[in-house]
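Single-structure report; data block below.
The values are calculated or read from the model by the stated rules, or taken from the named source; none is laboratory data. All values reported here derive from a predicted model rather than from experimental measurement. A quick note on method: Cβ atoms are made from the backbone with ideal geometry, for glycine too, and the neighbour counts reach across all protein chains shown. Only protein heavy atoms, including side chains, enter the accessible area calculation; ligands, DNA and RNA are left aside. Shrake-Rupley method; radii C 1.70, N 1.55, O 1.52, S 1.80 Å.
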Amino acid sequence: MARLINHIELINRQGDITKQSDVDVIVNAANAQLRTGGGVAGAIHRAAGPDLERAAIPLGPIQPGEAVITEAFRLPNKYIIHCLGPVYGKDKPEAKILGNCYREALKLADDYQMTSIAFPAISTGIFGYPVEEAAKVAFSSIMAILPELKSIRKIYFVLFGDNDFRIHEEELKRLIP
Ligand code: AR6
């Protein structure tokens, strides 16, 4: 399902974020040190190759809610934006920090004049953010910044599991019927 708002399409996709060859920028749910790590970060670093960690580490440590950009190396995209999401129950206020991740990533991609960006469900894996709650924060933060974006035309969510995909579809439908 795709939803058009402010000339920007919001699209949920089921799949692997390392396989999005038609997208300019992919977003990594990083750790503060910008090291390989596990989860989606591990998958992105493995697919991009060891040059990614060498490029990313000097940009860290980053704070929760912050975003930095690197080349994409062996990935088919132009750039990777690395965001540090909040650890649920520890980094507070969680919703504000998670919202900052989406906002900062979109601003950065737009500053680089990119037209498309793909997000994973930041913080909903190892960092423990309940996926329904995170999806609401993600879409409402994205909607709030849409009027400021000049170059971005497509915003994808790439969800690994069936349930995460269904939850994001429901939330998008609820926000933009
Ligand atoms: N494509 C799309 N989504 C994925 C993929 C993939 N290839 N692999 C996992 N996911 P997580 P976090 C989903 O744990 O909660 C790392 O060690 C996954 O199912 O990757 O922000 C970092 O280094 C989940 O829905 O990120 C940090 O230390 C979502 O991606 C820490 O984990 C996010 O799960 C960050 O934790």
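Quick look at the values:
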quantity: Options 23, 27; residue that is over 20 Å from residue 85 (Cα atoms) and of a type in the set (Val, Ile, Thr); calculated: 23
quantity: Residue satisfying condition, being under 22 Å from residue 72 (Cβ atoms), in contact with a Cys (Cβ under 9 Å, 6 or more places away or on another chain) and at pLDDT 95 or above, within set 152, 122, 142; calculated: 122
quantity: Filter pass, residue 121 being open to solvent by less than 40 Å² (accessible area, probe 1.4 Å), of a type in the set (A, V, I, L, M, F, W, C) and assigned to a loop (DSSP other than H, G, I, E, B); calculated: yes
quantity: Selection count, the range 100-148, where residues are of a type outside the set (Val, Ile, Thr) and within 14 Å of the ligand (Cβ to nearest atom); calculated: 19
quantity: Where a residue in the range 152-172 is over 14 Å from residue 2 (Cα atoms) and its partner, wherever it lies, is open to solvent by 30 Å² or more (accessible area, probe 1.4 Å) and assigned to a strand (DSSP E or B), with Cβ under 6 Å and at least six apart; calculated: 159/14
quantity: Elements of type helices (runs of 4 or more DSSP H) contained in the range 1-111, each with 2 or more residues being of a type in the set (Lys, Arg) and open to solvent by 60 Å² or more (accessible area, probe 1.4 Å); calculated: 94-111
quantity: Residues of the range 156-177 that turn out to be closer than 11 Å to residue 139 by Cα and β-branched (Val, Ile, Thr), as a count; calculated: 1
quantity: Pair list, Cβ < 6 Å and 6+ apart or interchain, from the range 95-123 residues that are farther than 14 Å from residue 142 by Cβ to residues that are open to solvent by 40 Å² or more (accessible area, probe 1.4 Å) and in a loop (DSSP other than H, G, I, E, B); calculated: 97/64; 115/153
quantity: The range 6-34: number of residues that are more than 14 Å from the chain's Cα centre (by Cα) and away from the ligand (no atom under 11 Å from the Cβ); calculated: 6
quantity: Long-range neighbours under 8 Å by Cβ, at least six apart or interchain, first residue touching a residue at least 40 places away in the same chain (Cβ under 8 Å) within the range 45-59, second open to solvent by 80 Å² or more (accessible area, probe 1.4 Å); calculated: none
quantity: Residue within the range 35-57 that is among the hydroxyl-bearing types (Ser, Thr, Tyr), near the ligand (Cβ under 9 Å from one of its atoms) and within 29 Å of residue 173 (Cα to Cα) present; calculated: no
